[in-house]
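For reference, the structure discussed in these notes is given below.
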Number of protein chains: 2
Amino acid sequence: MTILPTMPDTFHVYDTTLRDGAQQEGLQLNVNDKLKIARYLDQLGVGFIEGGWPGANPNDTAFFAAVADGGVELKNAKLVAFGATRKAGTTAAEDPQVQALLAARTEVICIVAKSHDEHVLRALRTTLDENLQMVADTVAHLVSQGRRVFVDCEHFFDGYQANPEYSLEVIRTAAEAGAEVVVLCDTNGGMLPSQMGDVVSAAGAIGVELGIHCHNDTGCAVANTMAAVDAGVIHVQGTLNEYGERTGNANLITVLANLQLKYGWPLVPPEALADATRIANAVAGVTNVAMNNRQPYVGASAFTHKAGLHASAIKVDANLYQHIDPLLVGNDMRMLVSDMAGRANIQIKGSELGYDLSDRDLAAKVTEAVKAREMDGYSYESADASFELLLRSELGLLEEFFEVLSWRVITGHEVKPEGDSEATVKLLAKGVLRHLVGEGHGPLNALDVALRGALRQAYPAVDDFELTDFKVRILDQGHGTDAIVRTLIDMTDGSRTWTTVGVGTNVIEASWEALYDAYRWGLLKRD
Amino acid sequence: MTILPTMPDTFHVYDTTLRDGAQQEGLQLNVNDKLKIARYLDQLGVGFIEGGWPGANPNDTAFFAAVADGGVELKNAKLVAFGATRKAGTTAAEDPQVQALLAARTEVICIVAKSHDEHVLRALRTTLDENLQMVADTVAHLVSQGRRVFVDCEHFFDGYQANPEYSLEVIRTAAEAGAEVVVLCDTNGGMLPSQMGDVVSAAGAIGVELGIHCHNDTGCAVANTMAAVDAGVIHVQGTLNEYGERTGNANLITVLANLQLKYGWPLVPPEALADATRIANAVAGVTNVAMNNRQPYVGASAFTHKAGLHASAIKVDANLYQHIDPLLVGNDMRMLVSDMAGRANIQIKGSELGYDLSDRDLAAKVTEAVKAREMDGYSYESADASFELLLRSELGLLEEFFEVLSWRVITGHEVKPEGDSEATVKLLAKGVLRHLVGEGHGPLNALDVALRGALRQAYPAVDDFELTDFKVRILDQGHGTDAIVRTLIDMTDGSRTWTTVGVGTNVIEASWEALYDAYRWGLLKRD
C-alpha cells in the first residue's frame, strides 16, 4: 500500500464554524450560541477557533468582548479574529476595520487578501500594486502590534490558474511582511484532488508555511484538504458538521479523524477525539440545523448496518465490516446514537447540574431511564431542563407544583384576530381547581395561554415566563402516519433560558409535553 | 495546472440507487417507487441501472418482472440484475439464486464475489479455492446463457491490504471466466484518494477492464472514485443523492458532473445533465428522504450565496463566485430551486396530464400561479394531484363537488380506544348540508373520518378512498413558531394512487389542506 506521509513538527487544526460556517443559509448564531460552540470546539481540542469578524458585525464584536471578559475559558484553543486587509488609499493604522480587529484582543488574527487578479480589479476596484501594498501594510501593522498573523488568500486556486505570477506574489508579499501562515483558499470550491498537488507545491517554493481552506462544490472538500496536506501544508481549516455556504466547508472532524486514525498523527488527545460524536451532536443542537446522520465518523448512521447482505456476517466479527472502531470517535454500531445514555456521561451531566451520581447503582438507574426515553425518540443533549426533571424524578426529588386533570385544543377553519386555535386546561394547583381557556395562533400558542392562565393565581411567577422558540423535528421520516415527532421548546423568565423536549406521534401531544415540562422547570427554579 | 486525463473509448456510468442505495436506513422502495426512479435514471442518461437482487427479495423479483412486462421503457440505460456467486458445494446451474438472476431476463448481470481472504474463511465459511471456483463457475455459466457479466469484488481494498495475491487472483479468475468488467469495491469505505492509485494499478496489470464502487466513510467517496478513474478504471458506480448504508455511496451525479464539466468528458447529453437538479429532487420526492440541500451541483443551496463577504461583488460578475454555470446542471443562483416554475416545465407537465398549454399567455399564467405557491412552500414535483387541481382552477375547468363551511379538530389528554382526537366537518354537497363528527388517532385521522362521513351520501365513491401515507416536512428549520410545515398525503381508490400537498405554519391546517385536495381529486377522477 501507499506509504503515508509523516506529521510535520507544527500542525494547525483551525476551525471556522463561527465565521465561515455561519455563512450557511438558515444558520443564525447569537452571542450565546457562539460561546457554547466555542466551548465545544475547545473540548474537541482544535488549535484555533475563528470567532467572527469584529467590527463588521455587532454580534461578532459582542462575542469577542464576551470572551475577553471571561465568557468562555479556552483550555486548548486560541481564539482568532477574522478581518480583511485595509481599504485602498488609507493606512492600516487608520483603517477602522483593522482597528476593530486589534480591539478584539486576540493573540491571533486572520485576514483575507485578494489573490486573483480579476477580483482585485473588478470586485475590489483597485490596482494590482495597491492590493499588494494593502497586504504588506496590514500584515506588518498587525505584527507590529504583537499579533500572530495568518493570511487567507481568497480565490487562490482560480487566481493561480488565471495569473500564477500574481497569485504567488500575494503569498510572497504576505510572507515578507511577517505572516506566520498563508492559507490557500478554494473559495469557489471547484478544485479536484488531482489538481491540488502542483499548485500547493508551486506556492510552497516561496518558503512560507501554508494552510488550506476548501469548500465542497465538487464533493471533494475533505479530499482536497488531504491532498494539500500530502503536498505539505501544515494548517487545515474546516467547520463542524460541514457548515458553510453553498455545499459547505471541509468537515473538520472528518479531516481530523482521517489524519489521526488513518495517518496516525496525534493531533488531539485520543479522549477528545472519542468525544467527537457528542460534540458534533451538541453543536447541531445549538444551531438547530438538522444533523446529517450520514456524515463520516460522527453521524448516527455512520456505523449502522441495515439487515441485508452483511447482517449475519457482522455477528462473526464486526471489525470485518467497519473501517475503524467507532468508539475511537465516540460513535457506536447501534441504530441510535445515544449521546447521554452512557453512565459516565450521565454522571458528568448530573454533576454539571449539581447532583451527585457517584453511586454506581443510582447512576445505572438514571442511565436506564434515559436510555429508555431515548429509544422512544427523546433527546436530552439540548434539553437540559427536561433532563433535570427526569433526574429529579428518578432521585425522588421532584416536587410537583400542579396536577393536570385535562387539556384539549381545538383548531379549525376560522381565523379570528385572536387566532385559529382554542385550548382548555383543567388543573389542581395548591389545592385549588382551575379550568381555563386560551386562544392563540396555532395549537401550542393557545395551550400556552390556557396553561399560564390556570397557573397564574397559585404561581404569579408564570407571568414572567415567555416561550421564545419552538422547534419541531420529524424523526423516522418515511414511516407515514406513525412518524415520530420531537419538539423542543425554549422558555425564558427574563434572566435565564431553558429547553425542554416532547415526543409523540401526534405533534400536538408532543408540543404539550414540552410545554408542560417548561412550566414545571420554571417553577422549580423560580426565585 | 495539472493535465487532465483523456476519456477512455468505453466508459460506464453505473447507478445502484435501487440496490445498494436502498440499503440506507429509513429508505424503503416498493415496486412502483422503483419503476419511477428507474425512469428518472434513464432520463439522466446513465448507462446501467442496477435494479435489485431478484430471488433474494420478493419486491425486487416483482420489479424485474414488471420491467420485463413493459412497466418502464428505458431509452438509454441497460437494466442490471444483481446477485452473488453460487453457494459452496453446488453448481451454478443448480443454484436457485443464480437461476433467479437469469429469470430476471436482463442483458447484464452483476454478481458480488468475496475477494478478502478473511471474509471467505470466516463469513462465507468456505475455502479460498472453493471461493475461486464459485467465481469461475458462476461467471462462466451466466456468460454461457448469453449474459454480459460484471463482477463486484467485495472488500477488495481491505482484502488487497491483507492478502494482495489472493485478492488479485479473484480478479484474474473472474476475467478468465469471461467477466466484462471487474469492479473494485471499497465496501467498508475506509480508503483515502492517495491510497487508490497503487492498488488500482496493481489490479489493472491483470488486463481486464476495471470498475470502482466507493462509500463515503472517510468523506472521500467521490474523490476516491475520481482517483480510481485517474488510475484507469472505465466504470464508476454510485447512487443518486448519496443514498446508501452508513455514510452513503459515491454521489453519482457529482462524479458525472465532475467528469463531464471538469474533465470535459461527454458522458451524457448536455441536456440530460441540465436536467440533473430536477431528477435528483424528483427522486427525493419518491424516497421521501429529505433532499440534502447542500449536496454538490444539484442541492438547492449549491449555488446560493448569503449576504456577506461576496454579496456586493456577485453583482459585478456572478461567474467570479461560482465554479460552474449552474444552468449546466439545471440549478440556479437563487434561494429557491423552483423545479416546476419554469414555463417549459409547466407545459411538459401539463401535456403529461393531458392539458394543452402551448398558448404562451396561458402557460405564463399557470407558471405565475405555481411560482407564487412555491414561494409559499408548496412543492408540486411529487404532488401531481394538487398540481392538476391548481391547473384546472387556472384554466377555469375546476368543478367543485362540495363546499366546506367549517371544520375543526380537538386533541386532548384522553386516549380512548377510538383515539385521542375528534373532528367536525360541515359542508354542502349536492345542495344538502352535512355536519359530521369523526374520531381518530391524531388530528388527521379524525378529520379524514369526519370528511368521509360528510361526503358519503352525495358521493358513495369516497368509501373506496383510503389514506395510505402522510408525510410531514418542516421547512425553514430554526425559525421557531413561524416555521412552515409542508404535508404530503397519498390516497388510493384501490386502482390508482394520488398525492396532494398542503402548507402552513399550523401543521393541522396544512394537513387539512392536503386532505381536502385529496378528496377533490379523487372525486374528479372517479369512474
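The values are calculated or read from the model by the stated rules, or taken from the named source; none is laboratory data. What you are looking at is a predicted structure, and each value in this text was computed from that prediction instead of being measured. We place every Cβ from the backbone using ideal geometry, glycine too, and count neighbours over all the protein chains shown. Please note that ligands, DNA and RNA were not included when accessible areas were found on the heavy atoms of the full protein model with its side chains. Shrake-Rupley method; radii C 1.70, N 1.55, O 1.52, S 1.80 Å.
Quote the total accessible area buried by chains A and B together, excluding ligands, DNA and RNA, probe 1.4 Å, nearest 100 Å².
On the way: alone 23670 and 23700 Å², together 39000 Å².
Protein heavy atoms only, the A-B interface buries about 8400 Å².
Ignoring everything except DSSP H segments at least 4 long, calculate the 222 nm mean residue ellipticity for chain A; use -39,500 (n - 2.57) per segment, divide by total residues, nearest 500.
Working: 17 runs with 190 residues, N = 527.
Computed mean residue ellipticity for chain A: -11000 deg cm²/dmol.
On a 0 to 90 degree scale, rounded to 10, what angle separates helix A:507-525 from the longest Cα axis of chain A?
Compared with the principal axis, the helix lies near 90 degrees.
Using the 7 Å Cα-to-Cβ label point, sort the distances from A:Ile484 to its equivalents in the other copies shortest first and give them in nm to one decimal.
For A:Ile484, the inter-copy label distances come out at 3.0 nm.
With the label 7 angstrom out along Cα to Cβ, how close does A:Gly396 come to the same site in each of the other copies, in nm, nearest first?
In ascending order, 7.9 nm.
If you line up the Cα atoms of the range A:12-287 on their principal axes, what length do they span on each, largest first, in Å?
Computed over the range A:12-287, the largest-to-smallest principal extents equal 48, 43, 32 Å.
Could you let me know the centre-to-centre spacing of the range B:1-38 and the range A:1-74, using Cα atoms, in angstrom?
Here the two parts' Cα centres lie 37 Å apart.
How big is the Rg/Rh ratio for the protein assembly as shown, C-alpha atoms only, Rh by Kirkwood, two decimals? Walk me through the numbers on the way to the answer.
On the way: Rg = 30.1 Å, Rh = 31.0 Å.
Checking Rg against Rh, the ratio lands at 0.97.
How high is the relative contact order of chain A? Use alpha-carbon pairs under 8 Å, at least six apart in sequence, and give a whole percent.
Details: 1026 pairs, mean separation 47.7, N = 527.
It comes to 9 percent, rounded to a whole number.
Find every distance from the label point of A:Arg526 to the corresponding label point in the other copies (7 Å from Cα along Cα→Cβ) and write them in nm, one decimal, shortest first.
5.5
Would you calculate the separation in nanometres between label points at B:Thr492 and B:Gln161, each defined as 7 Å from the Cα along the Cα-to-beta-carbon direction?
Modelled inter-label distance: 4.6 nm.
How many percent of the accessible area of chain B is carbon or sulfur, using a 1.4 Å probe? Let's see the in-between values first.
On the way: 9460 of 19510 Å².
Answer for chain B: carbon and sulfur cover 49 percent of the accessible area.
Between A:Glu399 and A:Glu176, what length in nm is gained on full extension when 0.36 nm per residue of separation is reduced by their alpha carbon distance? List each step's numbers first, then the result.
Values: separation 223, 0.36 × 223 = 80.28 nm, distance 6.69 nm.
Once the chain is fully extended between A:Glu399 and A:Glu176, it gains 73.6 nm.
For an R0 of 51 angstrom, estimate the FRET efficiency from the Cβ-Cβ distance between B:Glu414 and A:Ala290 and round to the nearest 0.05.
Working: r = 33 Å, r/R0 = 0.64.
Plugging the Cβ-Cβ distance into 1/(1 + (r/R0)^6) gives 0.95.
Restrict the search to the range A:432-467; then list the trypsin sites (Lys or Arg not before Pro) that DSSP places in a loop and that have at most 15 other Cβ atoms within 10 Å of their Cβ. Don't skip to the answer; put the middle values down first.
Numbers: sites: A:Arg434, A:Arg452, A:Arg456; in loops: A:Arg456.
When the trypsin sites (Lys or Arg not before Pro) of the range A:432-467 are filtered for loop state and at most 15 Cβ neighbours within 10 Å, A:Arg456 remain.
Beyond 14 Å, what share of the Cα-Cα pairs of the range B:250-307 is found? Please give it as a whole percent. Before the final figure, lay out each step's value.
Working: 961 of 1653 pairs.
Of all Cα-Cα pairs in the range B:250-307, 58 percent lie more than 14 Å apart.
Return, ordered by residue number, the residues of the range A:174-203 whose backbone nitrogen is under 15 Å from a label point located 7 Å along Cα→Cβ of A:Val143.
From the range A:174-203, the list is A:174-183.
Quick check: the distance between the Cα centres of the range B:346-370 and the range A:459-473, to the nearest angstrom?
First find each Cα centre; the distance between them is then 47 Å.
Would you tell me the mean number of C-beta atoms belonging to other protein chains that fall within 10 Å of each C-beta in A:210-222, as a whole number?
Other-chain Cβ atoms within 10 Å of each residue's Cβ, averaged: 6.
What angle do you read, to the nearest 10 degrees and between 0 and 90, between the alpha-carbon axis of helix B:58-68 and the longest principal axis of chain B?
Taking Cα atoms only, the helix is inclined about 90 degrees.
With respect to the axis carrying B onto A, what is the closest chain B residue by Cβ position, and how many angstrom separate it from the axis?
Minimum Cβ distance to the axis, with residue: B:Ala223, 2.
Looking at the square roots a ≥ b ≥ c of the eigenvalues of the Cα gyration tensor of chain B, which shape do they give, rounded for a/c under 1.5, prolate if a/b is larger than b/c, or oblate?
Numbers: a/c = 2.26, a/b = 1.64, b/c = 1.38.
Taking the square roots of the gyration eigenvalues as a ≥ b ≥ c, chain B is prolate.
Nearest 5 is fine: what % of DSSP beta bridges in the protein assembly as shown come out antiparallel, could you say? Intermediate results must be reported in sequence, preceding the final value.
On the way: 78 of 148 bridges.
Of those bridges, close to 55 percent are antiparallel.
If you add up the charges near A:Lys75, with Lys and Arg at +1 and Asp and Glu at -1, over every other residue whose beta carbon is less than 14 angstrom from its beta carbon, what do you get?
Details: positive: A:Arg39, A:Lys78; negative: A:Asp42, A:Glu73, A:Glu271, A:Asp275.
It works out to a net charge of -2.
With only alpha-carbon pairs counted, each pair once and no self-pairs, how large is the Kirkwood hydrodynamic radius of the range B:152-251 in angstroms?
When all Cα pairs of the range B:152-251 are included, the Kirkwood radius is 13.1 Å.
Taking the Cα atoms of the range B:30-161, what is the range of coordinates along each of the three principal axes, in descending order and whole Å?
Projected onto the principal axes, the Cα atoms of the range B:30-161 cover 43, 32, 25 Å.
If I take every Cα pair under 8 Å that is 6 or more residues apart in the range B:56-107, average their sequence separation and divide by the length, what percent do I get for the relative contact order? Please report the intermediate quantities before stating the final value.
Numbers: 33 pairs, mean separation 21.0, N = 52.
Relative contact order, the range B:56-107: 40 percent.
Mind listing the phi-derived Karplus ³J(HN,Hα) values for the range B:231-239, rounded to whole Hz, using 6.51, -1.76 and 1.60 with θ = phi - 60°, and x for any glycine or proline?
Along the range B:231-239, the couplings run 8, x, 5, 10, 8, 10, 10, x, 10 Hz.
When Lys and Arg each count +1 and Asp and Glu each count -1, what net charge do the other residues less than 11 Å away from B:Thr106, Cβ to Cβ, add up to?
Numbers: positive: B:Lys78, B:Arg105, B:Arg147, B:Arg148; negative: B:Glu50, B:Glu107.
Around B:Thr106, the surrounding residues sum to +2.
Run the simple label-point estimate for A:Thr126 and B:Ile348 please: 7 Å along Cα→C-beta, distance reported in nm.
4.8 nm
In degrees between 0 and 90, to the nearest 10, how far off the longest principal axis of chain B does helix B:128-144 point, with axes built from Cα atoms?
Tilt of helix B:128-144: around 70 degrees.
Restricting attention to the range A:107-154, which GluC sites (Glu not before Pro) occupy a DSSP loop and are surrounded by at most 13 other Cβ atoms within 10 Å?
Details: sites: A:Glu107, A:Glu118, A:Glu130, A:Glu154; in loops: A:Glu107.
Filter output for the range A:107-154: A:Glu107.
Report, please, the projected area of the range A:393-501 averaged over directions, based on the convex hull of its C-alpha atoms, in nm².
Values: hull surface 36.9 nm².
If you wrap the Cα atoms of the range A:393-501 in a convex hull and average its projections, you get 9.2 nm².
How high is the relative contact order of the range A:12-287, given as a whole-number percent (alpha carbon pairs under 8 Å, six or more residues apart)? Display every interim value, and only then the final one.
Details: 576 pairs, mean separation 54.8, N = 276.
With pairs under 8 Å counted, the relative contact order is 20 percent.
Count neighbours as other Cβ atoms within 10 Å of each site's Cβ, and list the trypsin sites (Lys or Arg not before Pro) in the range B:49-155 that are DSSP loop with at most 15 such neighbours. Could the numbers behind the result be given before it?
Working: sites: B:Lys75, B:Lys78, B:Arg86, B:Lys87, B:Arg105, B:Lys114, B:Arg122, B:Arg125, B:Arg147, B:Arg148; in loops: B:Lys75, B:Arg86, B:Lys87, B:Arg105, B:Arg125, B:Arg147.
Passing sites in the range B:49-155 are B:Lys75, B:Arg105, B:Arg125.
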